[in-house]
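Novice: Before we start, here is the structure in question, set down as structure tokens.
Derivation of every value follows stated rules applied to the coordinates shown; laboratory data play no part. It should be emphasised that the depicted structure is a prediction, and the values quoted were computed from it without experimental measurement. Note that each Cβ is placed from the backbone with ideal geometry, even for glycine, and that neighbours are counted across all protein chains shown.
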Amino acid sequence: MSETLPIDVGAIASRIQQETQRAIQRAVKGVGYFTSPAPAVGCTPKDLVRARGPMRLYHYRPIEPELYRVPILIVMATTNRGYILDLAPGQSFVEFLLRQGYDVFMLEWEAPRPDEKHLDLADYALDFVGQAVGDVQAATGETNLTLLGYCAGGMLSCIYSAVYPDRGLKNLVVFTTPVDFTKMELFANWADKRFFDVDRMVETFGNIPPEIIYASFDMLRPAAKIAGQLRLWDNMWNDEFVKSYRMFDRWGADALALPGGYFRQVTRELLWENRLAKNELVVGGHPVDLGRITVPFLHVVAEHDHIVPRGATAPLLGLVGSAEKEEIVLKGGHVSIAAGANAVRRMWPAVDRFLARRSV
Amino acid sequence: MAEQPNLDPLGLWRDMLGQWERGLNSVANQAMGSDEFSRALHQVTSLGLRMQQSVGETMDKSLRALNLPSRGDLIAITERLGRIEEVLARIESGMRPADGEAASGPRPARTRQPPSA
């Protein structure tokens, strides 16, 4: 049976003092919060290699005198900015890879222009990713490279790798990549073909506005925004918490518009027909058979991912034809797995362990 | 075993906040997963899209009557500017020194081995 210790008056006094100090700090730093600019993100030095349409290919400047032979091309998700993988020094996956001795490139996206509303999966997965692969090969003088895709960037990487398995791909690493869209239940329900007229939406908007993309992510966790604001107030005294909150909040709200053609194809062929999981997807006239991917393959997924649930990511490992393939399930959510404290401790070293001996 | 009394005055509030968040998300997710929600969502969306289309068409006609450029005209100009930008980018990339050699000297050797090797 448990018993309660006698009350420690000294501990209570110390706690009251601490809470009083925090209350004062909340008030003082709260004013600073509203008057200071958001923390800088994506500061690792890089050079623009190519800008074409919505694609932006960057080359991060190496910081180690000796590099692994095989460069890494990161393919970012189409709905969000790439700086989630380069938030701040010490909290940057890109910086981590550079320090381990990798040569790192990133393919990220700008919002499509109104005249680019026709761009579709073939443009993104085959043309833009293909262009970036060629640019990396030309810039490094190496035929081989590792493709590393995050979320929808992982899906684009898988499609490219399945269509062109013989174009120098050495390794394929993807994070939280959806393949079974029937398991993305809320998105599938919102896009229910009995009610959702995707053609009308695309004809009206051309490109799907970022507000719709942002709202659809936000609706998955309707209480998160209010709870997040209350936690921010609670932790306003803690500079590290506030900085981290502002960076993640900025990134979450910094959604990108999607080209109408891409949105229509994803809705019809993935959300309605689930063709990627059935190996029935055809992109740019090429059948996408994930079994044609035979290079070493790593899929890192999050146990508590509310955007791409576990059921949507799980079948990918079985569909890929590689002999060397691995799935790592880590605690965390869709974003924290890539950029949170868990990422620093678990995910980044796991990726390094997988890639180091396969990058020589 | 003896229990230390809880000295965190906001601890209970934090626990309640976490429970409230999980509970509300769960209830809302259940509601949003229903046919009724999906139907209602698309009725509202459809109404919004119809309004947007009709406002767009009216605006187009009005701008044309006033001899002002419409959204379509601006998109056409943006398209041409985009093509010019792409040509400039191609010219610029042709003039740039080979990647890795710019300002920073020779490229690092690509001979690194994994730590255990």
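Novice: Does A:VAL202 satisfy being more than 8 Å from chain B (Cβ to nearest Cβ) and part of a loop (DSSP other than H, G, I, E, B)?
Specialist: Against the criterion (more than 8 Å from chain B (Cβ to nearest Cβ) and part of a loop (DSSP other than H, G, I, E, B)), A:VAL202 does not qualify.
Novice: Another question, then. Return the residues of the range A:236-253 that are surrounded by fewer than 17 Cβ atoms within 10 Å (Cβ to Cβ), touching a residue at least 40 places away in the same chain (Cβ under 8 Å) and under 14 Å from A:GLY32 (Cα atoms); say none if nothing qualifies.
Specialist: A:ASP239, A:LYS243
Novice: Which pairs have Cβ atoms under 6 Å, sit 6 or more apart or on different chains, and link a residue in the range A:254-280 that is in contact (Cβ under 8 Å) with a residue 60 or more places away in the chain and within 22 Å of A:ARG81 (Cβ to Cβ) to one that is part of a helix (DSSP H, G or I) and charged (D, E, K, R)?
Specialist: From residues that are in contact (Cβ under 8 Å) with a residue 60 or more places away in the chain and within 22 Å of A:ARG81 (Cβ to Cβ), the pairs are A:PRO259/A:GLU116.
Novice: Tell me, yes or no, whether the range A:303-314 has at least one residue that is surrounded by fewer than 20 Cβ atoms within 10 Å (Cβ to Cβ), without any contact (Cβ under 8 Å) to a residue 12 or more places away in the chain and not polar (S, T, N, Q).
Specialist: no
Novice: If only one of A:PHE354, A:PHE297, A:PHE263 is of a type in the set (Phe, Trp, Tyr), touching a strand residue (DSSP E or B) at 6+ places or on another chain (Cβ under 6 Å) and away from chain B (no Cβ under 14 Å), which one is it? Step through it out loud before you land on a result.
Specialist: Working: A:PHE354 fails: away from chain B (no Cβ under 14 Å); A:PHE263 fails: away from chain B (no Cβ under 14 Å).
After ruling out the rest, the residue left standing is A:PHE297.
Novice: Would you confirm whether any residue within the range A:283-297 is under 18 Å from the mean Cα position of the chain (by Cα), crowded, with 17+ Cβ neighbours inside 10 Å and closer than 30 Å to A:GLY53 by Cβ? Quick ask: steps written out before the conclusion?
Specialist: Applying the first criterion (under 18 Å from the mean Cα position of the chain (by Cα)) to the range A:283-297 yields A:297.
Next cut, crowded, with 17+ Cβ neighbours inside 10 Å only: A:297.
Checking which are closer than 30 Å to A:GLY53 by Cβ leaves us with A:297.
Within the range A:283-297, one or more residues are under 18 Å from the mean Cα position of the chain (by Cα), crowded, with 17+ Cβ neighbours inside 10 Å and closer than 30 Å to A:GLY53 by Cβ.
Novice: Continuing with this model, one more query. Can you say whether A:TRP233 is over 28 Å from A:TYR160 (Cα atoms) and crowded, with 16+ Cβ neighbours inside 10 Å, as far as the supplied structure shows? Full working, then the answer.
Specialist: Values: over 28 Å from A:TYR160 (Cα atoms): yes; crowded, with 16+ Cβ neighbours inside 10 Å: no.
Against the criterion (over 28 Å from A:TYR160 (Cα atoms) and crowded, with 16+ Cβ neighbours inside 10 Å), A:TRP233 does not qualify.
Novice: Which residue pairs have Cβ atoms under 8 Å apart, sit 6 or more places apart or on different chains, and have a first residue in the range A:143-163 that is part of a helix (DSSP H, G or I) and a second that is buried (at least 24 other Cβ atoms within 10 Å of the Cβ) and aromatic (Phe, Trp, Tyr)?
Specialist: Cβ pairs passing all conditions: A:GLY154/A:PHE175; A:LEU156/A:TYR124.
Novice: Further question on the same structure: So which residues in the range B:34-86 are facing another protein chain (nearest Cβ under 9 Å), surrounded by 12 or more Cβ atoms within 10 Å (Cβ to Cβ) and among the charged types (D, E, K, R), if there are any at all?
Specialist: B:ARG39, B:ARG50, B:ARG71, B:GLU79, B:GLU85, B:GLU86
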